[in-house]
Amino acid sequence: MTTTTLRPTERSPRRIAFSQTLSRWDIKLSPYLYISPFFILFAIVGLFPLIYTGYISLLDWDPIRHSGKFMGLDNFAWVLGQTQFWLALRNTISIFLLSAVPQLIIALAIAAVLDSNIRAKTFWRMGVLLPYIVMPVAVALIFSKLFSNDYGLINTLLSDIGLPKVGWHTDVIPSQIAIATMVNFRWTGYNALILLAGMQAIPRDLYESAAIDGAGRFRRFFSITIPQLRPTLIFVIITATIGGLQIFDEPQLFDSSSTVAGGASQQWLTLTVYLHNVGWYQNGKYGRAAAIAWLLFLLIVVIGLINLAITRRIANNDARRNR
Amino acid sequence: MSTSRRTIAAAVAGAAALALIATGCAPAASTGGDDEKITLTLGTFNNFGYSDELLAEYTALHPNVTIKQNIAKTSDDAQTNLFTKLAAGSGLSDVEAVDGDWMPKVKQYSDLFVDLASDDNAGRYSDWKTAGGTADGKLIGLGTDIGPEAICYRADLLSAAGLGTTPDEVAANIAGDWDAYYAAGEKYTAATGKAWFDSAGATFQGLANQYQNFYEKDDGTVIATENPDVKAAFESVLGASSTLSAHLQEWTDDWAAGMANGSFATMLCPAWMLGVIQGDSPDATDWNIANVFPDGGGNWGGSYLLVPTQGKHTEAAKEFTDWLTAPEQQISAFKTAGTFPSQIAAYDDPALTGATNEFFNDAPIGTIFADRANAVTVTPFKGINYGAIMGAVQNGLTRVEQGQQSVDDSWTQVIADIKALG
């Protein structure tokens with residue numbers, strides 16, 4: 001690229017000037033070129049669908065004919081006036097909490113165990129990732145069988161030991177716990193591995209000096225591991241939030257009884273499932289579905305901003321303490 | 001101890017793989033005739049009874065044509081697939097199966113499908129089946145099967161309650177209107193303490209298919225919320241279900257298990273349900289079919305085959321569809337999967353009238369379902385909102401069966417849900 005500068009005298013002035021221009025472009029432009037694949041991909045699979053969905057949400061869109069008449073914000077008004085939308089919002093948040101909180105606590109515990117000196121480390125590390133590579137659809141099918149009301153394994157076991165059967169497919173909280181269980185099954189190991197990576201990066205001498213100072217295993221975990229793990233924890237929490245708010249496969253496949261997924265009284269109707277119901281089973285109300293998608297996007301942005309604010313605070317606290 | 005080691009986080013880019021259906025390599029204007037090698041794809045769902053042997057017969061007649069069948073699990077999956085790829089403008093099979101319940105939605109786009117009318121298939125169907133496949137004067141769908149309904153029952157359970165064992169005895173005991181069917185159920189539950197039918201939702205389907213205009217008028221206006229027939233059916237089914245139902249919603253895992261465990265004694269049985277029952281309770285030996293249905297007859301389901309214009313070999317696909325929906329081929333499918341022919345000529349064919357089903361204790365399914373088809377007097381109108389309205393009503397029935405709402409509260413919510421569709 002820059003080899004021409006080795007033999008400047010052999011070149012005509014004009015030629016040199018051109019190669020200089022080239023190398024100036026090289027310095028100025030190539031960094032953008034190197035990072036461009038991400039932005040080009042993002043523009044195609046992220047930004048364009050986002051804007052296009054926003055466009056569709058303003059129309060009475062016919063997906064087959066790719067046309068529709070302008071509706072203004074009518075689709076948004078319709079969505080916000082639906083009780084099902086607010087139920088879906090409630091379910092999305094409660095399923096998210098039911099899955100994210102236990103998931104992070106268990107993942108932390110697993111990561112801490114994997115971080116200690118145990119035999120066959122790689123075996124255990126690969127082991128916790130196993131559920132992650134199972135197809136979500138397969139997970140949903142297996143778990144919805146386990147959680148069947150009358151002939152499911154879990155209710156059979158419960159009644160065998162004399163406990164009452166739980167309405168996994170009828171009651172709000174049990175059905176959401178069942179769905180959260182599927183999510184946890186799939187994501188706990190994955191998060192544990194990310195947290196483990198964070199733990200491995202903590203300087204070991206911190207632990208050594210703490211041990212010399214007489215700190216026990218638990219004291220070291222809470223006073224060194226957790227504070228040092230903050231950036232990783234924040235990353236895990238943010239990705240879990242975004243993933244949790246978009247949960248679809250599990251609730252969609254939890255009950256195959258009706259065409260309109262989410263439960264007869266919307267016990268486990270999440271926002272994405274609601275979006276799918278409106279777009280695909282109400283004779284192609286794509287405009288309304290697009291409006292739901294945008295509202296979901298705004299919700300994620302708001303929660304993302306809250307996350308960011310908390311992250312900043314934590315970062316500032318760290319800076320102050322380090323000073 | 002090792003020094004601190006930075007772990008580098010690797011960003012994983014997920015690549016979405018697009019499954020493209022190979023449609024051969026011939027130019028677009030192909031007629032499929034002569035000796036040009038082509039592959040035709042056929043998209044169906046559930047079990048249409050198009051066995052490999054049946055499809056091989058076509059290849060034997062047309063050595064240049066290879067048939068590949070893509071089977072979706074449920075009618076809903078097929079619906080999502082069809083509309084997604086119709087919107088994309090590519091990716092559909094050369095021949096696509098469409099369920100009668102969502103055929104009205106497809107008919108809005110009749111210009112995207114090939115006109116299949118020909119001398120071969122003129123007069124092949126009853127008027128209502130032809131009307132179901134016709135849009136804007138074009139015959140875009142050739143009928144495959146229909147779903148005339150009978151009653152399936154477990155002989156062991158019914159004989160224990162003194163309601164008969166043979167199909168004739170059972171039919172005599174439950175013949176009449178819906179009240180007669182429920183009354184026999186009361187006798188059964190009084191004697192055994194067990195459930196008579198599977199769910200209010202499934203039973204409601206039987207009633208809904210006995211009205212010309214149940215949810216919508218012929219011009220598509222939604223009348224579900226003010227039609228007294230809907231409310232009456234909703235209340236009468238739920239009244240019966242409080243004592244007679246096993247409360248097992250259709251297509252759930254519990255429903256399938258209940259079929260195998262004998263947790264209900266009878267169920268409404270459109271012809272295609274035979275394959276479902278056999279699939280869900282393969283070890284049960286006592287299922288049988290009574291040649292009877294409350295209030296005469298009813299048709300539940302039935303499908304069409306369509307040829308999308310986006311296919312590469314539309315002429316060859318049209319020829320293949322015509323062959324596949326001919327009476328002889330449909331009789332073969334009926335023997336495989338119980339999909340009862342919609343083709344009139346099939347009803348006099350000894351191959352159909354003589355058909356029996358081993359799983360259902362050698363029930364003469366050919367004559368039973370031919371009788372049931374003859375008993376169908378009403379052709380329900382199903383418009384573009386039929387599926388969504390039925391979904392709202394089914395949810396309402398389920399809420400009551402699960403004990404979450406009273407009948408009145410549930411009906412109030414059904415009305416609100418249907419109005420929200422508008």
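When the stretch B:246-267 is examined, which residues are found to be more than 9 Å from chain A (Cβ to nearest Cβ), buried (at least 24 other Cβ atoms within 10 Å of the Cβ) and not in a helix (DSSP H, G or I)?
Across the stretch B:246-267, the qualifying residues are B:Phe264, B:Ala265, B:Thr266, B:Met267.
B:Gly275 fails exactly one of the following numbered conditions: (1) in a helix (DSSP H, G or I); (2) within 13 Å of chain A (Cβ to nearest Cβ). What is the number of that condition?
For B:Gly275, the failing item is (2).
If the requirement is being among the polar types (S, T, N, Q) and assigned to a helix (DSSP H, G or I), which of these qualifies: B:Thr225, B:Thr243?
Sole residue among the options that is among the polar types (S, T, N, Q) and assigned to a helix (DSSP H, G or I): B:Thr243.
Can you pull out the residues in the stretch B:177-211 that are part of a loop (DSSP other than H, G, I, E, B) and either surrounded by 15 or more Cβ atoms within 10 Å (Cβ to Cβ) or basic (Lys, Arg) (or both)?
Residues satisfying the conditions are B:Lys194, B:Trp196, B:Asp198, B:Ser199, B:Asn209, B:Gln210, B:Tyr211.
So if I check each of A:Ala192, A:Ala180, A:Ala140, which one is over 24 Å from A:Phe235 (Cα atoms), touching a residue at least 40 places away in the same chain (Cβ under 8 Å) and surrounded by 19 or more Cβ atoms within 10 Å (Cβ to Cβ)?
Testing whether each residue is over 24 Å from A:Phe235 (Cα atoms), touching a residue at least 40 places away in the same chain (Cβ under 8 Å) and surrounded by 19 or more Cβ atoms within 10 Å (Cβ to Cβ) leaves just A:Ala140.
Filter the stretch A:195-219 for residues that are surrounded by 12 or more Cβ atoms within 10 Å (Cβ to Cβ) and more than 14 Å from chain B (Cβ to nearest Cβ) and give the result.
Within the stretch A:195-219, A:Ala215, A:Arg219 meet the criteria.
Hey, among the residues in the stretch B:147-168 that are outside any loop (DSSP other than H, G, I, E, B) and among the small types (Gly, Ala, Ser), which one's nearest to B:Phe334 (Cα to Cα)?
B:Ala150
May I ask you to say which residue of A:Ser116, A:Ser99, A:Ser94 is polar (S, T, N, Q) and in contact with a Gly (Cβ under 7 Å, 6 or more places away or on another chain)?
One residue alone meets the criteria, A:Ser99.
Could you list all residues from the stretch B:91-130 that are polar (S, T, N, Q) and either at positive phi or within 12 Å of chain A (Cβ to nearest Cβ) (or both)?
Matches in the stretch B:91-130: B:Gln108, B:Ser110.
So that you can scan it fast, the table gives a plain yes or no per residue for (1) farther than 21 Å from B:Val393 by Cβ; (2) more than 8 Å from chain B (Cβ to nearest Cβ); (3) in contact with a Cys (Cβ under 7 Å, 6 or more places away or on another chain):
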residue	(1), (2), (3)
A:Ile247	yes, yes, no
A:Trp268	no, yes, no
A:Tyr274	no, yes, no
A:Asn277	no, yes, no
A:Tyr281	no, no, no
A:Gly284	no, no, no
A:Ile292	yes, yes, no
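Looking at (1) surrounded by 19 or more Cβ atoms within 10 Å (Cβ to Cβ); (2) closer than 22 Å to B:Gly132 by Cα; (3) not hydroxyl-bearing (Ser, Thr, Tyr), which one does B:Ala337 not meet, given that it meets all the others?
(2)
Tell me, please, whether a residue that is more than 14 Å from chain B (Cβ to nearest Cβ), assigned to a loop (DSSP other than H, G, I, E, B) and closer than 30 Å to A:Lys165 by Cβ can be found in the stretch A:136-148.
The answer is no, given that none of the residues of the stretch A:136-148 is more than 14 Å from chain B (Cβ to nearest Cβ), assigned to a loop (DSSP other than H, G, I, E, B) and closer than 30 Å to A:Lys165 by Cβ.
I need a count of the residues in the stretch B:78-100 that are within 21 Å of the chain's Cα centre (by Cα) and small (Gly, Ala, Ser).
4
Would you pick out the residues in the stretch B:377-422 that are farther than 30 Å from A:Asp74 by Cα, of a type in the set (S, T, N, Q), within 11 Å of chain A (Cβ to nearest Cβ) and not in a helix (DSSP H, G or I)?
B:Gln402, B:Gln404, B:Gln405
Could you identify the single residue in B:Asp362, B:Asp283, B:Asp349 that is in contact (Cβ under 8 Å) with a residue 12 or more places away in the chain, outside the structural domain of B:Asp111 (by TED's automatic domain parsing) and more than 21 Å from the chain's Cα centre (by Cα)?
B:Asp283
Take A:Ala261 and decide whether it is crowded, with 17+ Cβ neighbours inside 10 Å, within 23 Å of the chain's Cα centre (by Cα), hydrophobic (A, V, I, L, M, F, W, C) and within 14 Å of chain B (Cβ to nearest Cβ).
yes
Would you check if there is a residue in the stretch A:184-201 being more than 19 Å from the chain's Cα centre (by Cα) and not in a helix (DSSP H, G or I)?
Yes, there is a match, as at least one residue in the stretch A:184-201 is more than 19 Å from the chain's Cα centre (by Cα) and not in a helix (DSSP H, G or I).
Take the stretch B:124-146 and flag every residue that is touching a helix residue (DSSP H, G or I) at 6+ places or on another chain (Cβ under 8 Å) and in a loop (DSSP other than H, G, I, E, B).
B:Arg124, B:Ser126, B:Gly133, B:Asp136, B:Ile140, B:Thr144
Mind listing whichever residues of the stretch B:282-319 are in contact with a Phe, Trp or Tyr (Cβ under 8 Å, 6 or more places away or on another chain), of a type in the set (A, V, I, L, M, F, W, C) and closer than 20 Å to B:Thr130 by Cβ?
B:Leu306, B:Val307
Would you point out which residue out of B:Glu96, B:Glu36, B:Glu53 is of a type in the set (Asp, Glu) and surrounded by 20 or more Cβ atoms within 10 Å (Cβ to Cβ)?
B:Glu96
The values are calculated or read from the model by the stated rules, or taken from the named source; none is laboratory data. Bear in mind the structure is a predicted one, so any value in this text is a computation, not a measurement. Don't worry about glycine lacking a Cβ; one is built from the backbone with ideal geometry, like all the others, and counts go over all protein chains shown.
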